[in-house]
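Just so it is clear, none of the values below were taken in a lab; they were calculated from the coordinates. Owing to the predicted nature of the structure, the values given are computational and were not obtained by experimental measurement. Every residue, glycine as well, gets a Cβ built from its backbone with ideal geometry; the counts of neighbours run over all protein chains shown.
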Amino acid sequence: MSQILVFGDSIVYGAWDREGGWVSRLRKTIDEKNLADKDVYWLVYNLGIDGNNSKDLLKRFEPEIKARLWPGEETIIIMSLGVNDSMYDNKKKAFAVSQEEYEQNLQKLLSVAKKYTSKIIFVSSPPVDDSRTNPAPWTENCSYLQKYINKYGDIAKSVCKKNKIPFVDVRDELDRDMLEDGVHPNSEGHELILNNIWPVLERFL
């Protein structure tokens, strides 16, 4: 028995998608493989939490990994976060997590992950629709802007390159009509995200 641990935010959790998001679709795909081959058994854990940024994930990352390890079995870790780090408070004139701290946090997360597996994948945040998220109606005085998604995505890409970690970039893959509320993908968007992740993940299986 082996496990795929997927860490992130509400997009990883699958908010606003009646099918549970791309991680739920991934589990369905893996379950089909399990049923087709009795010698294969992978577990998929959705460890996405609404509102999480890199600071939040650091607090729970290692305990969550340890709780799901099986001695002698393989582990794959997938991470996707950045949109909540890039949230800009228009009143305070500050990001939820500064770009410098975000970079440091990602390096810490990857260093922890490497203690448990060499099979690590990072997925960028999808795009946002500025016309609906500046400001975001659910977060007073705060905005999600594409220019910041790009900046934080570039930081993540650089950290992954430095650590030789596959980086799946979906920032240009989704259209605005695939964003349910300007941030969270709809069913079509989640399907597209999984289609981008699968070829990379399949090499680890």
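As a proxy for reagent exposure, Leu145, Leu109 were ordered by neighbouring Cβ count within 10 angstrom, fewest first; the result is Leu145, Leu109.
Taking a Cβ cut-off of under 14 Å around Asp56, the surrounding Lys, Arg, Asp and Glu residues balance to a net charge of -2, with basic ones at +1 and acidic ones at -1. Values of log10 I(q)/I(0) for region 85-143 across q = 0.16, 0.28, 0.29 Å⁻¹ run -0.66, -1.14, -1.17, by the Debye formula with one identical scatterer at each alpha carbon and no solvent. Cross-linked pairs Lys38/Lys157; Lys93/Lys114; Lys92/Lys115; Lys59/Lys93; Lys28/Lys147: Cα-Cα separations exceed 31 Å for Lys38/Lys157; Lys93/Lys114; Lys92/Lys115; Lys28/Lys147.
Going by how many other beta carbons lie within 10 Å of each one, how would you line up Phe7, Phe167, fewest first?
Working: Phe7 23, Phe167 17.
Listing Phe7, Phe167 from fewest to most nearby Cβ atoms yields Phe167, Phe7.
Restricting to DSSP loop positions (anything but H, G, I, E, B) with no more than 13 other Cβ atoms inside 10 Å of their own Cβ, which GluC sites (Glu not before Pro) remain in region 53-98?
Numbers: sites: Glu64, Glu73, Glu74; in loops: Glu73, Glu74.
Listed in order of number, the matching sites are Glu73.
Take every DSSP beta bridge whose two residues both sit in the chain; close to 20 percent of them are antiparallel.
Can you pull a Stokes-Einstein diffusion coefficient for the chain at 4 °C (1.567 mPa s), Rh from Kirkwood over Cα pairs, as a whole number of µm²/s? Please report the intermediate quantities before stating the final value.
Working: Rh = 17.2 Å.
Result for D is 75 µm²/s.
Rank the residues Met1, Met87, Met79 as a footprinting-exposure proxy: fewest other Cβ atoms within 10 Å of their Cβ go first. Starting with the residue having the fewest Cβ neighbours, the order is Met1, Met87, Met79. Extent of region 5-107 along its three principal axes (Cα atoms, max minus min coordinate, largest first): 56, 33, 17 Å. Residue-normalised convex hull volume from the C-alpha trace of region 48-118: 83 Å³ per residue. Over region 125-193, the alpha carbon radius of gyration divided by the compact-protein estimate 2.2 N^0.38 Å works out to 1.18. Centroid-to-centroid, using Cα positions, region 110-144 and region 2-30 are 15 Å apart.
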